[in-house]
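Written out below as C-alpha cells is the structure these notes cover.
Please treat every number below as a calculation from the coordinates, not as lab data. Treat the numbers as computed from the prediction; the structure is a model and nothing was measured. Please note: Cβ atoms are built from the backbone with ideal geometry, for glycine as well, and neighbour counts cover all protein chains shown.
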Amino acid sequence: MSEPTAPQSGQRFAGQVALITGASRGIGLGIAQRLNAEGATVILTARKAEALAEAVAQFPDGTAVGIAGKSDDAAHRAEVFDTIAEKFGRLDVLVTNVGINPVYGPLIDIDLDAARKILDVNVIGTLAWIQEAVHHEGLNFRENKGRVVSISSVAGQVPSPGISFYGISKAAVSHLTRSLAVELGPDIRVNAVAPAVVKTDFATALYEGREAEVAATYPAGRLGTPEDIAGAVAYLASADAEWITAQVLTADGGVITAGGSA
C-alpha cells in the first residue's frame, strides 16, 4: 500500500486522498487541480479513458490516478473504491461532479426515458457514490471525518426554461445533500455547490455566440470558470469549513438574486 503525497506546509489537504467524479475536463478537472495543488492525492474518474489519461498527465507524477468508467455503473464504482482502498487505505474527500443533460426543450414534451436517465445519473448516481464511500470498509471514510461536496446547480433553485428537468434533478441533489448531512453528522460533513453558467463544454449551448449578452445579466460582470467552483469546493472540503454542513453554496456571480436564471 503506497502512501498519499507527503504533507507540505500550508496545504489544507496535505496527506489526504480525494476522489472527484467526472474529472477529465471542465469543473471536475478544475476541482481536482485545486485539491491537488493544496496537497491532496487525487483520484479522477470519467467515461472516456483517453481524455482521462490526458487529464491525469497534467498532474505531478504520483499525485493523481485515473479510473475510467460510467458513473452509473456499479462495477465501475466498486473498482474505484477498491483501488483507492488498496493503494491508499483511506478516503478523505468525495466530490460528486457527474451530471448529464441530454435534452433541451419544454418540460411538457420531454422524453420520459431521457428523464429517467437524468435522474439515474444525476440523483441515484450521486447517492450511490456517497453510500458506497461510507460503507466501504477499506476507506475509513467515517473515521477520517470524511467530507462530501456535490455539484448541484442554480437550475435547481429557479425555473430554467429549456433545461427544466436537469434543474429538477439538481434540486434533488441539493435536498439529498441536506438529508445526508443530517444522517451522517457529526462524523461526515455533506455540502454542495450550485453554480450558474460556467464556461465549460457542458454549458456551451447556454452562452455560445452571446457571452457578453449573458454575462451582462450577472452582477459580477462575467460568467463563471472551473476555478471559481474549485475554490468553493476546496473551502467546503477543508478544515476552514469544519462547522459547515447541510449547505448548498450558490456560486452564480449574483445572477439569481438579480432576477436571472441558469
remark   = In the chain, whole DSSP H helices that both stretch 27 Å or further along their axis by alpha carbon positions and average at least 0.0 on the Kyte-Doolittle scale are 164-184
message = Give me 244, 151, 43, 130 sorted ascending by neighbouring Cβ count inside 10 Å, so fewest comes first.
response = 244, 130, 43, 151
task = Treating only the Cβ atoms of Lys and Arg (+1) and Asp and Glu (-1) as charged, compute the dipole magnitude of the range 56-191 about its Cα centre; round to the nearest 20 debye.
result = 420 debye
CD proxy at 222 nm, helix term only [per DSSP H run n ≥ 4: -39500 (n - 2.57); per residue of the chain; nearest 500] = -10500 deg cm²/dmol
key: DSSP-loop chymotrypsin sites (Phe, Trp or Tyr not before Pro) across the range 181-262, with at most 15 other Cβ within 10 angstrom   = 243
ask   = Separation between the residue 119 and residue 187 pseudo-spin-labels, each 7 Å from Cα along Cα→Cβ, expressed in nm?
value = 3.0 nm
ask   = Computed from the mean reciprocal separation of all distinct C-alpha pairs, what Kirkwood hydrodynamic radius does the range 47-136 have, in Å?
value = 14.9 Å
query = Using the scaling law 2.2 N^0.38 Å as the reference, what is the normalised Cα Rg of the chain?
reply = 0.96
